[in-house]
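The values are calculated or read from the model by the stated rules, or taken from the named source; none is laboratory data. Everything numeric here is computed off the predicted structure, so don't read it as measured data. Note that each Cβ is placed from the backbone with ideal geometry, even for glycine, and that neighbours are counted across all protein chains shown. We work out accessible area using only protein heavy atoms, side chains counted, and drop any ligands, DNA or RNA first. Shrake-Rupley method; radii C 1.70, N 1.55, O 1.52, S 1.80 Å.
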Amino acid sequence: MRIEHFMTRRVVAVSPDTSILAAAKLMLEHYISGLPVVDASGHVVGIVSESDLLRDDGKGVDGSPWLQLMVEPDARTGEPAQLGERKVGEVMTRDPVTVAPADSIAHACRLLEQRGIKRLPVVHDGKLVGIIARADLVRAFAQSAEKSAPTPMPDVSIDSRLAELERQIWRSRARVSRPF
């Protein structure tokens, strides 16, 4: 089984110049936890995920500046404005692991497991053509399990007994005399 058969082709992606706030809104709107980051020519330059947004950037007092803002909104003067001004390129994971459409599902599973990630951009000739996420791999697993499951053998003895019962019911109904 190949990645191209299970990948999501209509990918929501952002550019490095997209604001962090806009990226967060896209994730919420599309019920996804990460976005590929592509340059103007469609080449994958990074990935931005919920983890990237919540990661300590070294500038916050206690953890992520975004979390700090939620807990103590007045603690950092001007931070709400910066939230809309900061760009995805500042927090994204650069040079993400990618796969090709012809790669195997097993390869994608191994990469996700080894790297502890949730999604892989699918690239062809360096350009983004899809994304394969854990949910896609679960779908591949389910389809594979369905195909490999043995088809149940019909129980001839039960089928013949049911047919005989049905004949007896119809026979007894036919014998009942009904007044007109």
**Message:** Please count how many residues of region 1-60 are of a type in the set (F, W, Y) and in contact (Cβ under 8 Å) with a residue 40 or more places away in the chain.
**Reply:** 1
**Item:** Pairs, first open to solvent by less than 60 Å² (accessible area, probe 1.4 Å) in region 106-123, second of a type in the set (D, E), C-beta under 8 Å, six or more apart
**Value:** V122/E4
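Results for (1) assigned to a helix (DSSP H, G or I); (2) at pLDDT 90 or above; (3) over 24 Å from the mean Cα position of the chain (by Cα), shown as yes or no for each residue.
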| position | (1), (2), (3) |
| --- | --- |
| L53 | yes, no, no |
| R76 | no, no, yes |
| Q82 | yes, no, yes |
| V97 | no, yes, no |
| I132 | no, yes, no |
| V138 | yes, no, no |
**Fill in**
Scanning region 1-53 for residues that are open to solvent by 20 Å² or more (accessible area, probe 1.4 Å) and among the acidic types (D, E) gives E4, D17, E29, D39, E50
**Item:** Enumeration of residues in region 145-158 that are at pLDDT below 75 and part of a helix (DSSP H, G or I)
**Value:** A145, E146, K147, S148, V156
